[in-house]
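What follows draws every value from the coordinates through simple rules; no lab data is involved. Note that the structure is predicted; figures quoted are calculated from it, not measured. Heads up, the Cβs are rebuilt from the backbone with ideal geometry, glycines too, and the neighbour counts pull from every protein chain shown.
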Amino acid sequence: HKDLIGIAPLAPWQILYLLDEAEQWVKLNRSPLKHNDALAGLTIINAFFENSTRTLLSFEIAGKRLGADVVNMHAATSSVKKGETLIDTATTLNAMRADAIVIRHASSGATQLIADKVACPVLNAGDGQHEHPTQALLDALTLRDWLRSGACPVAKEEFVGLKIVICGDIRHSRVARSNILLLTALGAEVRVCAPPALMPYDIERMRVTPFTDFNQAIDGVDVVMMLRIQMERMSGPFIPSAREYRHLFGLTPERLKLAAPHALVMHPGPMNRGVEIDSSVADMLERSAITRQVEMGVALRMACLDVLTRRVRGVEGWGAPL
Ligand code: CP
């Protein structure tokens, strides 16, 4: 693979390989100096056509901690606003001899379109309702760290048999899609919970158990992953009120009691506090992994940039033949 477009094309060993590679960067990031010159001399362009805090900043920090020159292109202040097409933008970035391009775009498939036009590796930082592979990978890194700490008495072979519920706007969520692909590939039992109008049309093909009742879906799970309602991707009559949504699908302290006593709470952010998750749950020090997910995001993106640019650097890629 030249690019990282999604979890779907990855074999389980490649997922685990990226998690293993990230471990060294978790250690580096916890040390005082936080610097390595693995990517010195490379130019990385972060081209973001949609808003972002976590993904953009963590890719920028990841590239800089590895010694690369990192440039951010924000669509709102670029020539995209003058009508330049996505392909012309990609060709322009390619002509600047970027060594890796990280792209976020509102259209599903935009990242693949650019990857097909440029010579360098392209990393998908979230494309429409398609995939957000680095989010699923950082979630898996967070989960594996938690499992290895011994806090979960259930999953014996790391992800195998781990019961996870993903609750929220599953239909519009690239985070849900990438996490479902990754977690099922590693042997977890995935439940998804959403109002009927926010359940994907192709849910039957996803190797998950769908629920529309959150109290049933959360019963006895080891991990509760909450997602935001994505108003920006919503069309049609279903616009739930925040109060109604919280009542039926919000993670409140009372509802969390229905999960296993050791259950971990995750959210990719940004959160709508008081809608899909109560502050008292999000901020629970002993149960919530939300800030740890952000920490793992930097290390995981360092691993992705390192692995994906190995061919550019003349270093053997992925550690084993594909
Ligand atoms: N989780 C995530 O993708 O957050 P941002 O939109 O802030 O990048």
Task: Where only alpha carbons of region 133-293 are counted, the Rg and the Dmax (Å) - done: 14.4, 45
- [ ] Give the order of 262, 172 when sorted by the count of other beta carbons within 10 angstrom, beginning with the fewest.
- [x] 262, 172
TODO: Would you work out the relative contact order for the chain, in percent, from Cα pairs under 8 angstrom that are 6 or more residues apart?
DONE: 19 percent
- [ ] Give the relative contact order (percent, whole number) for region 244-304; include only Cα pairs under 8 Å separated by 6+ residues.
- [x] 38 percent
- [ ] With unit charges on the beta carbon (Lys/Arg positive, Asp/Glu negative), name the residue among 94, 118, 33 whose Cα is farthest towards the positive pole of the charge dipole of region 22-118.
- [x] 33
TODO: Once you have all Cα-Cα distances for the chain, histogram them in 20 Å bins from zero and send the whole-percent values.
DONE: 33, 58, 10
- [ ] Give me the percent of DSSP beta bridges within the chain that run antiparallel, rounded to the nearest 5.
- [x] 5 percent
Open item on the list: For a quick check: sort 225, 206 by the number of other beta carbons within 10 angstrom, fewest at the front.
Closed with: 206, 225
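Rank the residues 208, 118, 102 as a footprinting-exposure proxy: fewest other Cβ atoms within 10 Å of their Cβ go first.
118, 208, 102
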TODO: Work through the residues other than residue 123 whose Cβ is under 9 Å from its Cβ and net out their charges, Lys, Arg +1 and Asp, Glu -1.
DONE: 0
Open item on the list: Suppose a student asked you for the relative contact order of region 133-293, using Cα pairs under 8 Å spaced at least 6 residues apart; what percent would you report?
Closed with: 23 percent
TODO: Could you pull out every Cys in the chain that lacks a partner Cys with its beta carbon under 4.7 Å away?
DONE: 120, 152, 304
Task: Check: the chain dipole with +1 on Lys, Arg Cβ and -1 on Asp, Glu Cβ, in debye - done: 320 debye
TODO: Could you list, in their original order, any pairs among 27/64; 81/117; 2/34; 82/117; 2/64; 27/163 whose Cα atoms are separated by more than 23 Å?
DONE: 2/34; 27/163
Task: Expected 222 nm ellipticity per residue - DSSP helices of 4 or more, -39500 (n - 2.57), all of the chain, to 500 - done: -10500 deg cm²/dmol
